[in-house]
Amino acid sequence: MPESPPPPAAFDLRLVWCFTVVAEHRHFGRAAVALHTTQPSLSRQIHRLERQLGARLFERTPQGNHLTEAGEVFLPLATELLHAADQAAGRTRAAARPGRITVGYTAGIIVTPVVRELRHRHPDAEVRTLHLAWDEPRPALLDHRVDAVVARLPFPADGLEMTALYDEPRVLVVSRDHRLAGKESVTLDDIADEPLPRVRGADPLLSAFWRIDPRPDGRPPPEGPLIDAVEDKFELIAAGQAVAITAEVHTHTLRPDLTTVPLDGVEPSQVALATRAHDPNTLVTAFRTYARAHLAG
């Protein structure tokens, strides 16, 4: 009889996840806090993974924890492994529940009228909604966490079916004592020397759109402070260290020491419905029809 093939490497995905978090923080203590565990427990889990791999992944020094050469090789593979596991779980769940749909949406976007009609017309279906971060629409669709997303463009559309719904003007956010506060409108020439914050790890396409990079004359915008989260920019703006460009719909949520000014001469932000291309789920088709009726224009 032919010999059976050897079993695949048996990785505990939690150990792999712990490794990626330590690699991100470069510090066992901070990684343990992020993982809601203790540093000794996390160290044991990393040692266990290293034994499974037969290689050291970190060099531990008083200055921090650095990836070894083996760790540098394993990091992108570990990230890919976790992503593949998420996709496998998501697609399996989606196949097991054809009478379900999860609708994603991002900040400032209201999908309630569409969801209500979908539930009314398909009373036996399970219709869920899920708020997504500004950079999650495409990954959430491809990972099958959601089946439809209403979000602001731009984001990569390959593998997706896009339906344009409506436009939102873009506005400038400044502190209330800024020299441009209270103006009827401003142009890009008015903010040619104003720094705009940069979000660490932001999608380049999305970052370029909201920073208007490059400007019409081909020059890049002034480099503003580098931040880790979109929310950090409002503190910088209030302190007079930067300005920002956002969709007009967000202005009602601004803190009281900030204000907005209409930004002339720039294309608006566009809100669109995105779904996976060729998705056979009839609820997705129905949602697209109702979205056009309730949101388009």
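Worth pointing out:
- Length released on extending from Gln241 to Ala229, taking residue separation times 0.36 nm less the Cα-Cα span: 2.7 nm
- Put simply, the convex hull of the Cα atoms in the range 38-131 casts, on average, a shadow of 10.3 nm².
- For the range 88-219, averaging the sequence separation of C-alpha pairs within contact (under 8 Å, six or more residues apart) and dividing by the residue count gives a relative contact order of 23 percent.
- Per residue Cα convex hull volume in Å³ - calculated over the range 148-297: 127
- With Cα atoms as the point set, the range 246-297 shows a radius of gyration and Dmax of 16.5, 48 Å.
- Extent along principal axes [Cα atoms of the range 187-258; Å; largest to smallest]: 35, 28, 23
- Of all accessible heavy-atom area on the range 107-191, the percent that carbon and sulfur account for (1.4 Å): 48
- Rounded, prolate or oblate (a/c below 1.5 giving rounded, otherwise prolate when a/b exceeds b/c) for the range 67-223 by Cα gyration tensor: oblate
- Shape box of the chain [Cα atoms, principal axes, largest first, Å]: 79, 57, 35
- Two-decimal Rg/Rh across the range 117-189, once Rg and the Kirkwood Rh are taken from alpha-carbon atoms: 1.14
- Excluding ligands, DNA and RNA, the accessible surface per residue across the chain is 55 Å² with a 1.4 Å probe.
- Over the range 210-297 - Rg/Rh using Cα atoms and the Kirkwood inverse-distance radius: 1.09
- Computed per residue of the chain from DSSP H runs no shorter than four, each worth -39500 (n - 2.57), the mean residue ellipticity at 222 nm is -11000 deg cm²/dmol.
The values are calculated or read from the model by the stated rules, or taken from the named source; none is laboratory data. In this text, all values refer to a predicted model and were calculated from it rather than measured experimentally. These area figures cover heavy atoms from the full protein model, side chains too; ligands, DNA and RNA do not enter into them. Shrake-Rupley method; radii C 1.70, N 1.55, O 1.52, S 1.80 Å.
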